[in-house]
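Worksheet: the structure to be examined is printed underneath.
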Amino acid sequence: MLAASLLGGGNAVAIRFSNRELEPLWGASLRFSLAAMLLIGLMAALRLSLPRGVALVGALLYGAFSFGGSFALSYYALVRIHAGLGQTLLALVPLMTLLLAVIYRQERLHFGAVIGTLLALAGVALISRAPLREAVPLLSVLATLGSAFCIAQAAVFVRRFPPVHPVTMNAVGMAAGATLLVVGSLLSREPLVLPQEAATWLAIGYLVPIGSVVVFGLYLIVLQRWAASRAAYTFVLVPLITLPLSAWLDNERIGVELLVGGVLILAGVYVGALRPIASTRRPHWKEQRIIDVGKDERLPGS
């Protein structure tokens with residue numbers, strides 16, 4: 001989980017550099033198309049098979065929300081807002097995940113979740129004041145919140161459907177997400193061009209193998225072992241890396257509203273979703289396979 005947070009801290013900054021040359025939906029399409037190709041090659045090397053039936057539906061829904069919906073919104077938002085602000089708002093993912101998990105009856109609602117939600121909303125309200133004064137569209141802030149919702153929904157889907165190998169899950173998911181992003185890019189009439197600037201290629205060179213293949217592989221491993229709301233803890237640690245990187249590489253101004261609002265969001269997420277609770281661990285995909293094989297090997301009437 002710590003490795004995923006450290007490596008994922010550079011994603012939003014790299015997206016900002018990608019957005020300077022490429023249109024947002026096309027930039028996201030290119031990233032996840034290349035990442036899906038790498039993962040499909042890795043699947044072939046590991047001799048992994050595609051999921052079927054309900055498991056395939058889960059992988060497709062995971063991809064549609066986690067890569068299609070989420071990154072369509074986040075790439076759009078990061079055209080106008082800095083990476084630190086965007087990633088701080090994404091720290092709401094664990095709390096949103098908990099609330100969705102309660103709706104789906106995967107986890108239980110507790111009093112801390114209510115208090116945490118109020119703290120986090122206060123933080124979002126405080127952070128949102130600064131962009132309005134700086135002529136940054138509120139729509140970009142709302143798009144980031146929508147991205148957080150999509151990530152949370154994807155996490156709940158992973159827990160709701162049968163376990164799939166992380167490499168296969170991300171290969172199918174990123175291929176599905178990239179398909180939706182390409183369709184969106186075509187409908188938006190974005191120019192589908194390859195990057196010409198070295199900075200853009202460097203950003204893609206980070207986003208594809210590290211920011212996509214490695215980061216989301218590690219995230220899925222954690223998500224398949226922990227409850228969804230606790231696995232999303234990754235998104236709380238990421239701003240601690242993104243903020244200094246964005247200030248250094250992208251000249252982001254870290255004002256009082258961002259710092260205080262960020263603290264309120266992190267406090268709300270901790271109180272609402274991350275305090276120690278009873279484990280709701282599900283079987284790992286390997287364990288599930290052993291269970292399924294055991295069922296298949298039972299003799300009739302046993």
**OP:** Considering only the stretch 1-35, state which residues are aliphatic (A, V, I, L, M), in a helix (DSSP H, G or I) and out of contact with any Gly (no Cβ under 6 Å at 6 or more places or on another chain).
**Re:** Leu2, Ala3, Ala4, Leu6, Leu7, Val13, Ala14, Ile15, Ala28, Leu30, Leu34, Ala35
**OP:** Name, by its number, the condition in (1) closer than 17 Å to Asn19 by Cα; (2) modelled with pLDDT of 85 or more; (3) of a type outside the set (Phe, Trp, Tyr) that does not hold for Ala175.
**Re:** (1)
Original post:
Which condition number in (1) small (Gly, Ala, Ser); (2) under 14 Å from the mean Cα position of the chain (by Cα); (3) within 29 Å of Val124 (Cα to Cα) is the one that Ala203 fails?
Top reply: (2)
**OP:** Specify which of the listed residues (Tyr206, Tyr219) is touching a helix residue (DSSP H, G or I) at 6+ places or on another chain (Cβ under 8 Å), under 29 Å from Gly53 (Cα atoms), touching a residue at least 12 places away in the same chain (Cβ under 8 Å) and not polar (S, T, N, Q).
**Re:** Tyr219
**OP:** Can you confirm whether the stretch 27-44 contains a residue that is touching a His at 6+ places or on another chain (Cβ under 9 Å) and crowded, with 19+ Cβ neighbours inside 10 Å?
**Re:** no
Subject >> Residues that are at pLDDT below 95 and among the aliphatic types (A, V, I, L, M), drawn from the stretch 152-172 >> reply: Ala152, Ala154, Ala155, Val156, Val158, Val164
Original post:
How many residues are more than 19 Å from Phe149 (Cβ to Cβ) and modelled with pLDDT of 70 or more when one looks only at the stretch 111-130?
Top reply: 4
Original post:
For the stretch 36-110, list the helices (runs of 4 or more DSSP H) that sit wholly inside it and hold at least 2 residues that are at pLDDT below 90, hydroxyl-bearing (Ser, Thr, Tyr) and at positive phi; which are they?
Top reply: none
Original post:
Within the stretch 199-229, which residues are modelled with pLDDT of 75 or more, over 20 Å from Ala83 (Cβ atoms) and touching a Pro at 6+ places or on another chain (Cβ under 7 Å)?
Top reply: Gly217, Leu220, Ile221, Gln224
Subject >> Candidates Ala232, Ala278 - the one that is in contact with a Pro (Cβ under 7 Å, 6 or more places away or on another chain) and at pLDDT below 70 >> reply: Ala232
Original post:
Among the residues of the stretch 247-273, which ones are out of contact with any Lys or Arg (no Cβ under 6 Å at 6 or more places or on another chain) and more than 13 Å from Thr88 (Cβ to Cβ)?
Top reply: Trp248, Leu249, Asn251, Arg253, Val256, Tyr270, Val271, Gly272, Ala273
Subject >> Only one of Gly53, Gly63 that is over 27 Å from Ile81 (Cα atoms) and small (Gly, Ala, Ser) >> reply: Gly53
**OP:** Name the residue, out of Ser147, Ser185, that is among the hydroxyl-bearing types (Ser, Thr, Tyr), in contact with a helix residue (DSSP H, G or I) (Cβ under 8 Å, 6 or more places away or on another chain) and under 17 Å from Val93 (Cβ atoms).
**Re:** Ser147
Subject >> Set Arg16, Arg31: member being basic (Lys, Arg) and farther than 22 Å from Asn251 by Cβ >> reply: Arg31
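The values are calculated or read from the model by the stated rules, or taken from the named source; none is laboratory data. Here the structure is a predicted model, which means the values were calculated and not measured. In this analysis, Cβ positions are derived from the backbone assuming ideal geometry, glycine residues included, and neighbour counts consider all displayed protein chains.
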